[in-house]
Amino acid sequence: MARVGPACVPERSTYRRHLGLSCAFVGLLALSACTPATIPPGQTLSIPVESDVIAELGGNPTLAPGLTFLGGIELSSSEPLFGAFSSVRFLDGQRFIGVFDTGYWIEGQIARDAEGRLAGVEAVKLAPLLDASGRESPSKFFADAESLALDGDRALVGFEQRHRVVAYARVSDVGKAVPSQPIAFPFDLDVLRSNGGFEALVMAPADSALQGALVAISEKSFDENGNIYAAIVGGPLAGAFSVRPLDEFDITDATFLPGGDLLLLERRFTIARGVGMRLRRIDGASLKAGAVVDGEILFEANYRSQIDNMEGIDAIPEPDGSVRLIVVSDDNHSILQRTLMLEFRLAAPQT
């Protein structure tokens, strides 16, 4: 959780990361002191982004058989608007689009080294998330984007504080897109906690039992049974369901695997135990209205590993049946945290 890179100390070490945890809770809440420039509605801003390679995950993480860490990068920019990454979706094997919880789109593409490992990001642009009148939202209360799903050329964005999920009609022109009316859900969104709304939005595979429906999962909004509010919107199995919480982890994003299983990204942060990251696999056959779902843990790591406030995940299927998983972190515009992009490989199922 704590940033221990050049912004804080000259060198990075597990010991220094451990010391940094005492102030990292403040870092979750603290914004940078800079005053960023705004981007005029309808326009994009090209920005420089520097990358430092992360070759080893470090620590002693738990990895299920078939899951491998491939490498990662730490991202930084001289542009103050950069940071607060909440969700990422890949348009193909290289190009991505994402949202910041400060009310901005990000688009760009990843670069790889000669061995195929993550080496940096290129052609990065930012644009404001516009309101229905085509203007930039005047307050974070209205622009706290936490989740993103792609449905053809539409982008579905989930906001918290003022809870809603809306559709932006053209992913190909995010700087000019305006939102639809909020999408209807099978429960009143007033049940969601102010800072615990829809952190995960993802479209189910068209050939799955959900037939391309939207799946939305809240971060830490609990029903009367202590389970996490979630919903399937559209398709033959539409309705509310819930996810069983585990330990002190909160759900921060999700992605579907090619076979139809749902992979949850979860994040823990407590003063006593520090930062944690976890991947939990949910059997796709269990996703239906009225269900309480749970699944196996594929990955778990704590502050001793090269992780931070991990908030976004997407899956990129490979021709051999394996899947590349790319995970990004939200630095909260704090000098104590980092913007990371980590990559894993999940092997094809054994037949």
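The values are calculated or read from the model by the stated rules, or taken from the named source; none is laboratory data. Note that the structure is predicted; figures quoted are calculated from it, not measured. In this analysis, Cβ positions are derived from the backbone assuming ideal geometry, glycine residues included, and neighbour counts consider all displayed protein chains.
Tabulated values for the structure
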read-out: Pair list, Cβ under 8 Å, 6 or more apart: region 177-193 residue under 21 Å from D131 (Cα atoms), other residue part of a loop (DSSP other than H, G, I, E, B) and among the acidic types (D, E); value: V178/D131; P179/D131
read-out: Selection status of S87, modelled with pLDDT of 95 or more and either surrounded by 17 or more Cβ atoms within 10 Å (Cβ to Cβ) or part of a loop (DSSP other than H, G, I, E, B) (or both); value: yes
read-out: Residue list for region 36-78, filter: assigned to a strand (DSSP E or B) and among the β-branched types (V, I, T); value: V53, I54, T62, T68, I73
read-out: Filter pass, L262 being in contact (Cβ under 8 Å) with a residue 60 or more places away in the chain and buried (at least 23 other Cβ atoms within 10 Å of the Cβ); value: yes
read-out: Scope region 90-104; condition in contact with a strand residue (DSSP E or B) (Cβ under 7 Å, 6 or more places away or on another chain) and in a loop (DSSP other than H, G, I, E, B); matching residues; value: L91, G93, Q94, D101, G103
read-out: Failed criterion for I297 (all others in (1) surrounded by 19 or more Cβ atoms within 10 Å (Cβ to Cβ); (2) of a type outside the set (K, R); (3) not in a loop (DSSP other than H, G, I, E, B) hold); value: (1)
read-out: Lone qualifier among V165, V174, V178 - being buried (at least 22 other Cβ atoms within 10 Å of the Cβ), at pLDDT below 95 and β-branched (V, I, T); value: V174
read-out: From the options L148, L201, residue that is within 19 Å of the chain's Cα centre (by Cα) and under 15 Å from G103 (Cα atoms); value: L148
read-out: Hits in region 224-272 (condition: among the aromatic types (F, W, Y) and either at pLDDT 95 or above or farther than 30 Å from R304 by Cα (or both)); value: Y229, F241, F249, F256
read-out: Residue in region 210-221 that is farther than 13 Å from V293 by Cα, loosely packed, with under 15 Cβ neighbours inside 10 Å and at pLDDT 95 or above present; value: yes
read-out: Residue match in region 304-322 (condition: assigned to a strand (DSSP E or B), more than 23 Å from G71 (Cα to Cα) and either touching an Asp or Glu at 6+ places or on another chain (Cβ under 6 Å) or of a type outside the set (S, T, N, Q) (or both)); value: no
read-out: Number of positions in region 334-351 that are in contact with an Asp or Glu (Cβ under 6 Å, 6 or more places away or on another chain) and part of a strand (DSSP E or B); value: 2
read-out: Residue in region 162-172 that is of a type outside the set (A, V, I, L, M, F, W, C) and in contact (Cβ under 8 Å) with a residue 40 or more places away in the chain present; value: no
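For (1) buried (at least 22 other Cβ atoms within 10 Å of the Cβ); (2) of a type in the set (S, T, N, Q); (3) closer than 25 Å to M277 by Cα; (4) in contact with a Phe, Trp or Tyr (Cβ under 8 Å, 6 or more places away or on another chain), each residue gets a yes or a no:
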{"site": "P65", "(1), (2), (3), (4)": "no, no, yes, no"}
{"site": "L70", "(1), (2), (3), (4)": "no, no, yes, yes"}
{"site": "G83", "(1), (2), (3), (4)": "yes, no, yes, yes"}
{"site": "F100", "(1), (2), (3), (4)": "yes, no, yes, yes"}
{"site": "Q109", "(1), (2), (3), (4)": "no, yes, yes, yes"}
{"site": "D113", "(1), (2), (3), (4)": "no, no, no, no"}
{"site": "G116", "(1), (2), (3), (4)": "no, no, yes, no"}
